[in-house]
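Single-structure report; data block below.
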Amino acid sequence: MSSVLEVANLRVGFSNGTLAVRGVSLKVERGETHCLVGESGFGKSVSALALMNLLARGATRSADVLRFQDFDLAKMSERHMAQLRGDKLAMIFQEPMTSLNPAYTIGSQMAEVLRRHRKVSRAQALERAAGLLSRVGITAPGMRLAQYPHQLSGGLRQRVMIAMALMCDPELLIADEPTTALDVTVQAQILRLLQTLQRELGLALLLITHDLGIVARMAQRVSVMYAGEVVESATAEALFANPTHPYTRGLLDCIPIPGKSRRDAPLGSIPGVVPRIRPGFTGCGFRDRCAHAMPECAQAVPRQSAGGDHDYLCRLPPGWSRAQAA
Ligand code: SF4
C-alpha cells in the first residue's frame, strides 16, 4: 500500500508556551482507516488542524515531513493549501452546525464546494450534490438541497457534511469526532456509512476519536496519543491483543469494549491529572500517573518495537505486560 499521508515529528506550540503536539509521526495508507485515539486535550484535533493549516493565530507548526500525496504541506503557501482543502483533502468536524452556514441552503453550500475547485455550472454541481445526498442515505435529496441547516436533524446534518466532503472526490478524509454530538443509534449509522464509503471509494480515513469502541470497530491502524505524543502505534489487531504502553493499558481497562473486554473484569481508572507540557519538558509525560514509573522516566524515553510495526514510547521492555500477567 502507498501512503496518502505521511507525518514525521510534527510539533505545534501555542503563544502561551504550551506544546500541544510533540513530535507526532504517522502514516495513513490508501483504503485504510487510521484512528488517532486518546482523551480530550491531548493534541489529536490540533494535529489534524495543523495538517490542514487551520491552526489558530499565533500557533507555530514544524515537522520533518508533512506530505500528502506528492504535496509537501510544510512548504505549501496558504493559497495552494486553500485549493487543496475541500478538494483532495477534506475534513469533517464533531458539530456540523459550526461548519455549515446557517444563512445558505444545503444546495448552495454543496455546489459552492465543487465550483470552487472545478469548472462546472451550478446545475451540474447541484446534480452531483443530489447524487451524493442519496449516496449517504438521504431520501428526497432535491427537497433537502433547498433546505437550511437548522431544518435538518443532527444526524442528517452530519450526513450532509460527509456528502459535502465527498464533492471533489477526496483522497484523504479527516473525521474529527464525527459522531460525538449524535445519539447512539445515529452514531452507529454514521460509522457504518463512513465504513461503507471508505471501502467503496478506497478513501484513506484519519478518524479522530476518544472512544476505543469506535477504534475496535473501525480501525485498521491505531495511534494512541497522550499529552501531545503518539505513545503507541500498531495495527488495531496488535494493539488490542498486546497493548504495551501503560497508558494504552489503562485506557483499555477503563472502558468495556464489545468483543474485546472480559465480561467479569472490573472497570479501572487512571489516577492523577494530565501535565501541562511547556518547552524544556523532558521525560515521559505519563510518569506522574504511571504505576510503573522509575527515576529514569524523567529522562528521554526510547521508542521501542513490540514486534513488527508495533511501537511504543516507554522504558519498560517489550513483553513486560505479558511477563507480569504470567
Ligand atoms: Fe511509565 Fe516510565 Fe513507561 Fe512512562 S516511561 S509509561 S513513566 S514506565
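Laboratory data are not the source of any read-out in this text; all were calculated from the coordinates shown. The shown structure was predicted, so the numbers you read here are calculated from the model rather than taken from an experiment. Here Cβ is always computed from backbone atoms with ideal geometry, including for glycine, and neighbour counts include all displayed protein chains.
Percent relative contact order of the chain, based on C-alpha pairs within less than 8 angstrom and at least six residues apart?
Numbers: 601 pairs, mean separation 67.6, N = 326.
It rounds to 21 percent for the chain.
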About its Cα centre, how strong a charge dipole does the chain have in debye, to the nearest 20, once Lys and Arg get +1 and Asp and Glu get -1 at the Cβ?
500
What is the Cα convex hull volume of the chain when expressed per residue in Å³?
144
Take the Cβ-Cβ distance between residue 134 and residue 15 as r, set R0 to 30 Å, and report the resulting FRET efficiency rounded to the nearest 0.05.
0.10
Can you give me the Cα centroid spacing of the stretch 72-97 and the stretch 278-301 in angstrom?
35
Estimated distance in nm for a label pair at residue 8 and residue 296, the labels positioned 7 Å out from Cα along Cα-to-Cβ
2.7
Highest mean first, what order results for 138-145, 106-113 on Cβ atoms within 10 Å?
106-113, 138-145
When the Kirkwood radius is taken over all Cα pairs of the stretch 97-167, what Stokes-Einstein diffusion coefficient follows at 37 °C and 0.692 mPa s, in µm²/s?
281
Counting alpha carbon pairs within less than 8 Å and at least 6 residues apart, what relative contact order, in whole percent, applies to the stretch 97-167?
42
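Can you show me the helix-derived [θ] at 222 nm for the chain, built from DSSP H runs with n ≥ 4 at -39,500 (n - 2.57) apiece and divided by the number of residues, rounded to the nearest 500. Mind showing how you got there, number by number?
Working: 12 runs with 108 residues, N = 326.
After summing the helix terms and dividing by residue count, I get -9500 deg cm²/dmol.
Given the C-alpha atoms of the stretch 195-234, compute the convex hull and give its volume per residue in Å³. Provide the component values of the computation, followed by the final result.
Working: hull volume 2.9 nm³, N = 40.
In the stretch 195-234, the Cα convex hull volume per residue is 73 Å³.
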Along the Cα-to-Cβ line of residue 303, 7 Å from the Cα, sits a label point; which residues in the stretch 6-36 have backbone N less than 20 Å from it?
6-13, 19-30, 33-36
Relative contact order of the stretch 40-196, defined on C-alpha pairs under 8 angstrom at six or more residues apart (%)
28
On the formula 1/(1 + (r/R0)^6), with r taken between the Cβ atoms of residue 70 and residue 40 and R0 of 45 Å, the FRET efficiency rounded to 0.05 is 0.85
Over the chain, how many pairs of lysines fall under 30 Å by alpha carbon, counting only those 8 or more apart in sequence or from different chains?
10
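Between residue 127 and residue 62, what FRET efficiency follows from the Cβ-Cβ distance if R0 is 25 Å, with the result rounded to 0.05? Spell out each step's value before the answer.
On the way: r = 43 Å, r/R0 = 1.72.
Using R0 = 25 Å, I get an efficiency of 0.05.
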Normalised per residue, the volume of the convex hull around the Cα set of the stretch 153-221 (Å³):
80
